Amino acid sequence: MTESEIYEGLQRIFNDLFPDDSIVLTADLSARDVVGWDSMKQVELLMAAEETFQVTFRPKDVDGLNSIGDLVGVIGSSSVG
Amino acid sequence: MDEGRFEAARASFESAQLSQPDSFWPAFWMAMILARSGRNGEAIDVYRQIVAKHPDDSYGYVGLASTLITAKDYDQADATLVEGIARCGFEYWLGFNLALSADSGFDHPLASERWEKVVAHYPQEGYALGRWARALINIGELDKAERLLLDAGQALAGHTQVLFSRAMLASARGHDEESAVQWRRLRAANPGDMEIEGAWGLSEQALLFAEGETPSPLQPAANETLNQFTSLGGDCEFGLVQRHYGLEPLGLLRWSSSSPANLSRLLDDGLERIGDPAHTSLTADNDQDVYYLTLTAYDLMINTMVKIRTVDADKFLSQQNRRTSFLLRQLLGQFDDGDKIFVYKTNEPLDQAVAQRLCQSVARYGDVRLLYVAAAGLGEESGGLEVVGKNLIIARLAGIGPLERSWNIPYGAWLDLCERVERAFSKLRAAAHDPVIAS
C-alpha cells in the first residue's frame, strides 16, 4: 500500500469522525491541532484504521503515535509482508 | 420537624379547613408541611385535591409539581405544570418549576430551552437567567452563555445564580485562575451552600479531567519516566498524574474504579468478560453527570467522561464495548511485552496480603511488574518504598485523593516515586539477568 493510499484512507476516516470537513491531513498534524481529538477519539481512529487497512496495532505502535506521520508510518510497516 | 410539632400543625390546619372549607390556604399549608416533613405521598394527594378544587390557582400546580420533582417523578411534574400553564398562563413559578424539572432530570438541552422561555417572559429574574446560563454551559454552548451573562446588565450582575454561572463558565473554559477567584468569592458569600460547594467540587474535578494544554511545563525526562507506567486503576488518580505531565496513554483501566480484590478476580478469570455485552452496562452517575461503563460481575466501573443524555445510551454502550475490547488487546500486549510498570492505587492503608494477591493475579499474564500504592498512615513515611519481590514494589503516599469531591493530587510526590520505582525495578531486572550486578 502506498503512502498516498494510506493518507486517502485516513482522510476518509477523519471526515467520518470529525464534523470539521476542512481538516487536511499532514504528517505533522497532531491531536493538539484538531478540536475534539481527545483520547476517546484516538481509540476510534485506531479502531477505524485497523478495520480500513486490515492491520493490528501493537502497544508499542500505539505508544509512539504523536502525529499523523507516525500513524502513516505504523500502518505502512504493519501492512508490509 | 419533630412529630409533636407536626401533629400540632396538622390539627391546626384541619381545624381551619373545617371552618373554611372553600379556602385555598389551609389545605395548601398542610400540603407544604407534609412535603417538608418528607411525607411526599401524602403531600401529593393533598396538592391534587387542591388543584382539583382550585384549578385557576397556579400555586396548587406549583406545589404539586415541586413535590413530584422531589420524588423524582419528572414526567408527572411536567404534565402538572403544562396543565397549570394552560389554565393560568405562563406565570413565573410555573415556568420556573418546568425548567427546574428538566434540570433535576439532567436533561440539559430541555432545561436550556425552558429557562430561555422563563427569561423571555421575566427578563429581570436573575435566578432564571443564571440557570439558563448554567444549562448552556452544560450543553457546551459556552459562547452563548458568556454573551448571556455579559448582557445581564448591572442589575443582575451580582445575583448569586449569575455569579454561579460565571464561575462555572470560567471552569468550563479551563481558566484556572479566574475560576479560582470566582469560586472563592461565591463560596465566601454563600458559606455552607451545598449546591455551590458541590458545583465547585465538580468544576475542580472537571478541570482535572479535561484533556487539553498541559498545566505544567512539559519535562522530557518526566514524560519518559511516566510513559513507562500504565494504570490498573483503583481510581483515576494516576491517570490524572500522567495527564498533568502531558501524557495521554490509552489505558483500559486508566479511568477505572475497583477494589483490589475485584481486580484480582477479574484478572484470575482471564479478563474474558471485558467488552462482552452480556456482562456490561451503562451506569448514569447523576452527581458527576457522566456515564460509567460497569463490568457487573466484578463491580468495576470505567468513567467514560461522556455526559448523561448527550448520546444514545444503547449505541454508546455498544461503542464502549468495542472500545474496551480494543483496549483489552493493548493491555494484554503490554503484559506480554513486559516493558511497562503497572500501577494500582488505593486510598486505603496498606494490606500486604492484598497487594501480593494482586501481584499474583497479574503474574499469570507474564513477567509483569506492579507498583502498589497505598495511603500513608499516621507515622508512616510518605513516598517510602518496599521491594517485596522482583515484580512487586509497595509504596505509601500521603495526601492521595479524592477527599469527597475534591482532588488534591501530590503530583511532585508521584513523579518522584515513579522515578525511584523505575530505577529500583531496572536494577532488579538487571540483577536477575546478571548475578554479578546483584552482588
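The values are calculated or read from the model by the stated rules, or taken from the named source; none is laboratory data. Keep in mind the model is a prediction, meaning the values are calculated, not measured. Reconstructed Cβ throughout: ideal geometry from the backbone, glycine too, with neighbour counts over all protein chains shown. With ligands, DNA and RNA removed, areas are computed over all heavy atoms of the protein, side chains included. Shrake-Rupley method; radii C 1.70, N 1.55, O 1.52, S 1.80 Å.
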**OP:** Report the local net charge at residue B:49: Lys and Arg +1, Asp and Glu -1, summed over other residues whose C-beta lies under 14 Å from its C-beta.
**Re:** -3
Original post:
Cα axis of helix B:160-172 to longest principal axis of chain B: angle in degrees, 0 to 90, nearest 10?
Top reply: 30 degrees
**OP:** Have a look at the DSSP beta bridges in chain B and tell me what percent are antiparallel, nearest 5.
**Re:** 55 percent
Original post:
If you stretched the chain out fully between residue B:87 and residue B:147, how much longer would it get, using 0.36 nm times the residue separation minus the C-alpha to C-alpha distance?
Top reply: 18.2 nm
**OP:** Add +1 for every Lys or Arg and -1 for every Asp or Glu among the other residues with Cβ under 13 Å from the Cβ of residue B:113, and state the total.
**Re:** -1
**OP:** Under 1.5 on a/c is rounded, so check that first for segment A:1-68, then, if it is not, pick prolate when a/b is larger than b/c and oblate when it is not; a ≥ b ≥ c are the square roots of the alpha carbon gyration tensor eigenvalues.
**Re:** rounded
Subject >> Helix B:313-337 axis, angle to chain B major axis (alpha carbon atoms, nearest 10°) >> reply: 20 degrees
Subject >> Accessible-area composition of the protein assembly as shown, carbon plus sulfur, in percent [1.4 Å probe] >> reply: 50 percent
Original post:
How crowded by other chains is B:58-66, given as the mean number of beta carbons from other chains within 10 Å of each beta carbon?
Top reply: 0
Original post:
Where the only charges are on Cβ atoms (+1 Lys, Arg; -1 Asp, Glu), what is the dipole of segment B:28-145 about its Cα centre, to the nearest 20 debye?
Top reply: 260 debye
Original post:
What fraction of the DSSP beta bridges in segment B:275-411 is antiparallel, stated in percent and rounded to the nearest 5?
Top reply: 60 percent
Original post:
Relative contact order for chain B using alpha-carbon pairs under 8 Å, separation at least 6, rounded to a whole percent?
Top reply: 8 percent
Subject >> Debye intensity ratio I(q)/I(0), log10, segment B:3-97, q values 0.15, 0.22, 0.25 Å⁻¹ (C-alpha model) >> reply: -0.55, -1.05, -1.25
Subject >> Residue-level accessible surface for residue B:244, protein heavy atoms, 1.4 Å, Å² >> reply: 30 Å²
Subject >> Among B:134-141, B:367-374, the order from most to least packed when residues are scored by Cβ within 10 Å on average >> reply: B:367-374, B:134-141
Subject >> Other protein chain Cβ atoms within 10 Å, averaged over every residue that makes up B:332-343 >> reply: 2
**OP:** Could you go through segment B:237-244 in sequence order and give the Karplus-derived ³J(HN,Hα) for each residue, using 6.51 cos²θ - 1.76 cosθ + 1.60 with θ = phi - 60°, rounded to whole Hz, and x for Gly and Pro?
**Re:** 4, 5, x, 6, 4, 4, 4, 4
Subject >> Label-to-label distance, nm, for residues given as residue A:33 and residue A:8 (7 Å Cα→Cβ offset) >> reply: 2.1 nm
Subject >> Interface size A-B, as summed buried accessible area [1.4 Å probe, Å², nearest 100] >> reply: 1600 Å²
Subject >> Top of B:422, B:116, B:224 by mean-square fluctuation, Gaussian network on chain B, Cα under 10 Å >> reply: B:224
**OP:** Kindly work out what percent of the DSSP beta bridges joining two residues of the protein assembly as shown are antiparallel, to the nearest 5.
**Re:** 55 percent
Original post:
For chain B, with only Lys/Arg (+1) and Asp/Glu (-1) charged at the beta-carbon, what is the dipole magnitude about the Cα centre, in debye rounded to 20?
Top reply: 580 debye
Original post:
So what's the gap between the Cα centers of segment B:1-59 and segment B:75-115, to the nearest angstrom?
Top reply: 23 Å
Original post:
Okay, helix-only estimate at 222 nm for the protein assembly as shown: each DSSP H run of n ≥ 4 adds -39500 (n - 2.57), divide by all residues, round to 500 deg cm²/dmol; what do you get?
Top reply: -18500 deg cm²/dmol
**OP:** Take the alpha carbon gyration tensor of segment B:307-393, find the square roots of its eigenvalues, order them as a ≥ b ≥ c, and report rounded if a/c is under 1.5; if not, report prolate when a/b exceeds b/c, else oblate.
**Re:** oblate
Subject >> Inter-chain shielding of A:56-65 (mean C-beta neighbours from other protein chains, 10 Å cut-off) >> reply: 5
**OP:** Report the local net charge at residue B:279: Lys and Arg +1, Asp and Glu -1, summed over other residues whose C-beta lies under 14 Å from its C-beta.
**Re:** -2
**OP:** Would you mind working out the accessible area per residue for segment B:1-103, using a 1.4 Å probe, and quoting it in Å²?
**Re:** 51 Å²
Subject >> Which listed pairs, of A:41/B:340; B:315/B:345; B:340/B:427; A:60/B:340, have C-alpha distances above 21 Å, in listed order >> reply: A:41/B:340; B:315/B:345
Original post:
With springs only between Cα atoms under 10 Å, which of B:169, B:267, B:378 fluctuates most in a Gaussian network model of chain B?
Top reply: B:378
Original post:
Against the longest principal axis of chain B, how steep is helix B:108-121, in degrees 0 to 90 to the nearest 10, with axes from Cα atoms?
Top reply: 30 degrees
**OP:** Report the residues of segment B:299-318 in range of a label on residue B:269: point 7 Å along Cα→C-beta, backbone N strictly under 15 Å from it.
**Re:** B:299-302
Original post:
Modelled label-to-label distance, residue B:390 and residue B:8, 7 Å Cα→beta-carbon offset: nm?
Top reply: 7.8 nm
Original post:
Which parts of segment B:246-266 would a label at residue B:279 reach, counting a residue when its backbone N lies under 18 Å from a point 7 Å out along Cα-to-Cβ?
Top reply: B:252-254, B:256-266
**OP:** Let me know the charge dipole size of segment B:267-329 about its Cα centre in debye, to the nearest 20, where only the beta-carbon of Lys, Arg (+1) and Asp, Glu (-1) is charged.
**Re:** 360 debye
Subject >> Simple label model, 7 Å out from Cα along Cβ direction - residue B:194 to residue A:26, nm >> reply: 5.4 nm
Original post:
Once fully extended, how much extra length lies between residue B:381 and residue B:416, figured as 0.36 nm per residue of separation less the alpha-carbon to alpha-carbon distance?
Top reply: 11.2 nm
